[in-house]
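Quick one: the structure is below, questions incoming.
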Amino acid sequence: MDLTQQLDNYCERIGPEFWSEPLNAITNAAFLIAAAVAFLIWRRKTPDDWVGLALIVILAAIGIGSFLFHTFATVWAVLADVIPIVIFIHVYLYVALIRYLELAWWASLGIVVAFLVATVLFADTLFAPLVGSSAGYVPALLAIFVVGTLFARKDKKLGAQVLLTGLVFLASLTFRTLDEPLCSHIEFGIHFMWHILNAVVLFLLIRVLIFQRAG
């Protein structure tokens with residue numbers, strides 16, 4: 001694997017230069033803003049919850065990694081982009097199963113491992129014909145709706161907030177999926193909206209975690 005290989009994955013990129021995706025690069029600031037606001041809420045509500053803080057740090061890392069990908073656009077930058085996202089998804093799912101659904105740690109761990117394996121083995125086969133390169137994110141979307149629905153039976157207000165977050169994520173995923181198909185009509189693409197809305201999604205998920213813990 002050549003870690004320095006240049007990639008051209010998004011509509012906005014027009015060359016190998018650092019600032020060939022200005023909108024896609026700059027909008028990663030949304031993740032850093034979301035992390036900063038989440039940190040302020042965490043410090044006020046649950047400063048002793050290190051899991052919440054860890055997720056906030058991962059959120060900031062997502063913004064940094066995505067910025068690197070949309071500027072350097074290399075294989076190593078893809079890893080810097082994808083790895084924090086994968087970590088966030090699976091850590092959050094594990095914590096949500098324990099805190100929201102009150103499952104045992106071993107059951108939660110088993111579900112997370114099964115979720116990871118299923119995503120790797122089946123996501124592309126099942127969802128790529130519908131959403132292309134966004135297929136890997138569909139399981140996370142489904143997980144939000146499943147956990148949110150079950151959580152709403154225990155806590156109607158916070159469960160509804162998780163479901164609302166799922167709707168925002170659906171919109172976010174739609175922008176990501178349509179970036180390439182709409183490229184001939186919108187030259188700078190619409191991938192940047194994925195960043196903005198996804199920052200909102202991750203912030204809302206962390207906010208629910210904080211308020212559930214504080215309550």
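If you take the residues in region 43-71 that are touching a residue at least 24 places away in the same chain (Cβ under 8 Å) and not hydrophobic (A, V, I, L, M, F, W, C), which one is most open to solvent (accessible area, probe 1.4 Å)?
This residue is K45.
Which one of these does P129 not meet: (1) in a helix (DSSP H, G or I); (2) open to solvent by 70 Å² or more (accessible area, probe 1.4 Å); (3) in contact (Cβ under 8 Å) with a residue 60 or more places away in the chain?
Here P129 clears every test but (3).
Any idea which of (1) among the acidic types (D, E); (2) at pLDDT below 95; (3) within 24 Å of T119 (Cα to Cα) is the one D81 doesn't satisfy?
Of everything listed in (1) among the acidic types (D, E); (2) at pLDDT below 95; (3) within 24 Å of T119 (Cα to Cα), D81 misses just condition (2).
A further question follows. Scan region 13-20 and tell me whether some residue there is of a type outside the set (D, E, K, R), more than 30 Å from F188 (Cβ to Cβ) and either without any contact (Cβ under 8 Å) to a residue 24 or more places away in the chain or buried (at least 16 other Cβ atoms within 10 Å of the Cβ) (or both).
No, that holds for no residue.
Which ones in region 90-103 are part of a loop (DSSP other than H, G, I, E, B) and either farther than 21 Å from K154 by Cβ or open to solvent by less than 40 Å² (accessible area, probe 1.4 Å) (or both)?
Selection gives Y100, L101.
Hey, does region 134-142 have a residue that's open to solvent by 70 Å² or more (accessible area, probe 1.4 Å), within 17 Å of I89 (Cα to Cα) and modelled with pLDDT of 95 or more?
The answer is yes, given that some residue of region 134-142 is open to solvent by 70 Å² or more (accessible area, probe 1.4 Å), within 17 Å of I89 (Cα to Cα) and modelled with pLDDT of 95 or more.
Answer yes if at least one residue in region 106-122 is surrounded by 13 or more Cβ atoms within 10 Å (Cβ to Cβ) and within 23 Å of S66 (Cα to Cα), and no otherwise.
There is at least one residue in region 106-122 that is surrounded by 13 or more Cβ atoms within 10 Å (Cβ to Cβ) and within 23 Å of S66 (Cα to Cα).
Output the residue which, of all residues in region 74-88 that are surrounded by fewer than 20 Cβ atoms within 10 Å (Cβ to Cβ) and more than 20 Å from A54 (Cα to Cα), is nearest to the chain's Cα centre (by Cα).
Step by step, filter region 74-88, then rank; the result is V78.
Each row is one residue, and each column tells you yes or no for (1) among the aromatic types (F, W, Y); (2) open to solvent by 60 Å² or more (accessible area, probe 1.4 Å); (3) within 16 Å of V95 (Cβ to Cβ); (4) in contact with a His (Cβ under 8 Å, 6 or more places away or on another chain).
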position	(1), (2), (3), (4)
G148	no, no, yes, no
K156	no, yes, no, no
G159	no, no, yes, no
V168	no, no, no, no
F175	yes, yes, no, yes
P181	no, yes, no, no
G189	no, no, no, no
A199	no, no, no, no
L205	no, no, yes, no
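Can you name the condition, by its number, that I33 falls short on among (1) over 17 Å from I190 (Cα atoms); (2) without any contact (Cβ under 8 Å) to a residue 24 or more places away in the chain; (3) not aromatic (F, W, Y)?
(2)
The values are calculated or read from the model by the stated rules, or taken from the named source; none is laboratory data. Because the structure is a prediction, the values reported are computed rather than measured. Positions of Cβ are backbone-derived with ideal geometry, glycine not excepted, and every protein chain shown enters the neighbour counts. Side chains are part of the model used for accessible areas, which takes the heavy atoms of the whole protein and leaves out ligands, DNA and RNA. Shrake-Rupley method; radii C 1.70, N 1.55, O 1.52, S 1.80 Å.
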